[in-house]
Every structure is written in C-alpha cells, then in structure tokens.
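The structure appears below as structure tokens.
Nothing in this text is a laboratory measurement; each read-out follows from the coordinates by a stated rule. Just so it is clear, the model here is predicted, and its values are computed rather than measured. A quick note on method: Cβ atoms are made from the backbone with ideal geometry, for glycine too, and the neighbour counts reach across all protein chains shown.
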Amino acid sequence: MKPYIFFIALFISFGMKAQSTASANVSEFSLYSPQLDVEKKIWVYLPKVYQSDTKKKYPVIYMHDAQNLFDKAASFAGEWHIEETLDSLKAPVIVVGIAHGGDRRLNELTPFPNEKYGGGDADIYLEFIAGTLKPYIDENYRTKPDKKDTAIGGSSLGGLVSLYAVLKYPEVYGKAIVFSPSFWFSKDIYAYAERSEKIDAKVYFMAGDNEDENMVPDLDRMFSIISGKIKNKKHLYKKVIPGGKHNEALWAKEFPNAFIWLFE
C-alpha cells in the first residue's frame with residue numbers, strides 16, 4: 001500500500017478531542033454543495049484589520065483539507081498554523097479552507113482514477129468551489145474576485161488537485177500552492193498538462209526529498225512540462241527540501257515562503 005493511501009485511511013478514521021487552537025479571526029460555517037450533494041464545512045480566516053477597515057478588499061486563497069489548516073483539535077497529525085503565520089506577516093489576505101470529504105476525500109481530490117484505488121471525481125469537487133463556494137465568498141466577504149487575486153493550494157492529493165484546478169479553470173485561478181503533489185496517483189495528469197494551453201498563473205512547487213522515492217522525479221517531470229507552458233518563467237518556482245518528509249510539519253514550515261512568493 002502506498003504510504004499516502006495509508007495516511008488517507010488514518011486521516012479519515014482518526015478523531016481527536018483536543019481543545020481547539022483556532023484563533024478568533026477564524027470562523028466556520030456549512031454550505032450545501034449541489035454538485036456533491038453534501039453539506040461542506042468551510043473555515044474562513046480574515047485578517048485582523050478586516051473588521052476595522054470596512055472598505056478594503058482582499059485576495060483569497062482556497063485551500064483543501066481544512067481540518068489541518070487552523071485547528072489542532074480537528075487535524076490528523078498537527079495543523080499548519082495558517083492564521084498565526086498570516087497574522088505575524090500582517091498579510092492582507094482571506095483564506096477559505098474546505099473540509100475534506102471523509103471517505104469521499106480520495107474521490108474529490110483526484111482528477112483521474114487509479115486502477116487500484118479508484119477516485120477521479122475532482123471535476124465535481126472543483127465545480128463546487130468555482131461554481132458555488134467562490135460566488136458565495138465573493139458575495140458575503142470583501143474580496144478581490146479576479147483571477148490574479150485568487151489562489152488555490154494544498155498538499156499531497158491537495159497539491160495534485162490544486163495544479164489541476166489552475167489548468168482546468170485558467171479564468172478563475174491565477175496562483176497555486178502545490179506541496180508534495182501525488183502525481184503518482186494517475187499518469188494521466190501529465191498528459192493533461194501537456195495538452196493545456198499557455199499557463200498565465202504563478203505556481204509554487206515544493207516537496208521533500210525524503211517523502212517517497214518517486215516524489216522528486218515526479219515533481220521534476222511535471223515542472224518540466226509546466227515550464228514549457230507558462231507565459232512568464234518568473235512565475236514558476238520549485239523548491240526541494242533536504243530531508244523533508246510527507247507531513248504537516250513540512251507543509252506548515254514552508255507555507256510562509258510559498259505565500260510570500262505568490263503574493264509579492
């Protein structure tokens with residue numbers, strides 16, 4: 001069994017009852033997805049100045065696996081400390097976290113099926129984000145809705161689906177955080193990238209060299225493809241962390257670097 005699939009199985013079944021560590025400027029609500037026919041739990045981070053400066057509008061980052069972003073009590077193996085990081089940077093950005101789908105997670109975050117593990121329903125999941133969630137966020141929060149101010153990001157399967165989202169919805173997303181992407185899940189992702197038109201977006205790739213023997217070679221292969229498609233070479237970045245492992249600690253540590261590069 002692939003270690004990432006084992007991680008997914010644990011992630012879905014594991015339940016923690018620790019005290020919440022989410023900050024006061026992180027809120028939660030549920031939003032019905034007609035595409036998925038399910039209520040999706042959504043976390044929203046607002047910068048501390050959001051309430052005091054009532055005219056300012058903000059870019060938005062949509063992120064997967066929201067259980068791991070803000071709250072240790074909701075996470076499987078630690079949180080990313082998103083709000084603490086952005087607060088410390090005084091970052092003028094809204095982060096919208098989308099809860100993973102439990103036993104649907106693998107289906108939702110994979111664009112193409114795997115012969116052994118199934119999956120492949122990311123188109124439906126991404127239609128929910130672009131067609132239902134983003135319009136809701138833009139209507140109810142002070143956002144900058146244009147693609148240049150809209151990012152999507154995640155790790156593992158979340159990294160895979162984030163790159164796919166930029167390719168599939170070039171009119172929606174202008175930035176992507178692609179951490180430890182599970183390109184191994186289906187080689188069809190390479191063919192899809194090859195068929196894509198010129199990419200007008202900023203893409204930040206990151207992985208550790210101690211994750212899986214195929215992680216860095218897979219990342220290099222995709223980076224080479226995207227390099228040939230991207231309009232501005234300065235908008236593509238790749239970082240390989242010596243000794244980096246496939247875990248929340250790596251992703252939390254590298255998030256500030258990705259954010260600063262994408263929004264500089």
- In what order do Arg142, Arg195 fall by count of nearby beta-carbon atoms within 10 Å, going from fewest to most? Arg195, Arg142
- Note on the structure: Averaged over all viewing directions, the convex hull of the alpha carbons in region 213-264 casts a projected area in nm² of 4.2 nm²
- Message: Just want the ordering: His235, His246, His64, from fewest to most Cβ atoms lying within 10 Å of their own Cβ.
- Response: His235, His246, His64
- What FRET efficiency do you get for Gln51 and Asp123 if R0 is 35 Å and r is their Cβ-Cβ distance, rounded to the nearest 0.05? 0.45
- Listed by chain and number, the residues whose amide H is under 5 Å from that of Lys238, excluding neighbours fewer than 5 places away on the same chain and using placed H, are Phe205
- Out of residues 5 or more away from Ala91 or on other chains, whose amide H comes under 5 Å of its own, with H placed 1.01 Å from N in the peptide plane? none
- Query: With θ set to phi - 60° and the Karplus curve 6.51 cos²θ - 1.76 cosθ + 1.60, what are the ³J(HN,Hα) couplings of region 179-195 in order, to the nearest whole Hz, using x for Gly and Pro?
  - Reply: 9, 6, x, 8, 5, 5, 4, 7, 5, 4, 5, 5, 5, 5, 5, 4, 7
- Integer Hz, Karplus 6.51/-1.76/1.60 couplings in order for region 224-233, x for Gly and Pro: 5, 5, 5, 4, x, 10, 6, 5, 10, 4
- Relative contact order for the chain: what is it in percent, counting Cα pairs under 8 Å that are at least 6 residues apart? 16 percent
- Message: Nothing charged except the Cβ atoms of Lys and Arg (+1) and of Asp and Glu (-1): what's the magnitude of the dipole of region 153-237 about its Cα centre? Round to the nearest 20 debye.
- Response: 520 debye
- Message: Can you compute the helix-only [θ] at 222 nm over the chain? Use -39500 (n - 2.57) per DSSP H run of at least 4 residues, normalise by all residues, nearest 500 deg cm²/dmol.
- Response: -9500 deg cm²/dmol
- Query: Given the Cα-Cα distance of Asp103 and Ser30 and 0.36 nm per residue of separation, how much length would full extension add, in nm?
  - Reply: 24.5 nm
- Quick one: which residues, 5 or more positions from Ser182 or on another chain, have an amide H under 5 Å from its amide H? H modelled 1.01 Å from N in the peptide plane, none for Pro or chain starts. Ser156, Leu157, Gly159, Leu160
- With label points built 7 Å along Cα→Cβ from the Cα atoms of Asn140 and Glu115, find their separation and express it in nm. 4.4 nm
